[in-house]
Amino acid sequence: MKFSVDKHDKYVTLKLEEPKFTNDNAPGLKSEFYLLNAEGFQNIIVDLSHVTECSDAQDLSCLLVGDRLCKSAGGLFIVTGINDELASIIELSNIFQSVTFVNTIDEATDFIFMDELEKEFRGAK
């Protein structure tokens, strides 16, 4: 499985560099979520812009693992770069009800920084 990880102070971006999202690469992605969580990253952005195919919604269920890990750590799990084919599978699977989806990485980082500011503001009261 090919992917890149870009670590920042407040978040990490994981970019899947495969054309297909399959049951062959889903376990590796899930393992990476656990590793990043263990390293202390509570905000994870997953970029699926290179993915053009996914034949089974069950493969996408690994995204729920990342979402659960981030939420339990008090952070955000955001998926970006969804094409039309993936969007229809995501809609059928109801994953969109749990996982946050945005259009671009910039939107995802803005979302994270706004959430961090909100947390700081609430803590200051």
Is there a residue being aliphatic (A, V, I, L, M), more than 20 Å from residue 1 (Cβ to Cβ) and either in contact with a helix residue (DSSP H, G or I) (Cβ under 9 Å, 6 or more places away or on another chain) or buried (at least 20 other Cβ atoms within 10 Å of the Cβ) (or both) anywhere in the range 39-53?
no
Of the residues in the range 54-63, those that are under 11 Å from the mean Cα position of the chain (by Cα) and either farther than 21 Å from residue 94 by Cα or open to solvent by 70 Å² or more (accessible area, probe 1.4 Å) (or both) number 0
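Residues are listed down the side, and each one gets a yes or a no for (1) touching a residue at least 60 places away in the same chain (Cβ under 8 Å); (2) in contact with a Leu (Cβ under 7 Å, 6 or more places away or on another chain); (3) of a type in the set (A, V, I, L, M, F, W, C):
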residue	(1), (2), (3)
24	no, no, no
32	no, yes, no
49	no, no, no
94	no, no, no
108	yes, no, yes
Does residue 32 satisfy the condition of being more than 21 Å from residue 7 (Cβ to Cβ), assigned to a helix (DSSP H, G or I) and either open to solvent by less than 10 Å² (accessible area, probe 1.4 Å) or not hydrophobic (A, V, I, L, M, F, W, C) (or both)?
no
Loosely packed, with under 15 Cβ neighbours inside 10 Å and part of a helix (DSSP H, G or I) - does that describe any residue in the range 2-22?
no
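The values are calculated or read from the model by the stated rules, or taken from the named source; none is laboratory data. All values derive from a computational prediction rather than experimental measurement. Positions of Cβ are generated from backbone atoms using ideal geometry, with glycine treated the same way; all protein chains shown enter the neighbour counts. Side chains included, ligands, DNA and RNA excluded: accessible areas come from the protein's heavy atoms. Shrake-Rupley method; radii C 1.70, N 1.55, O 1.52, S 1.80 Å.
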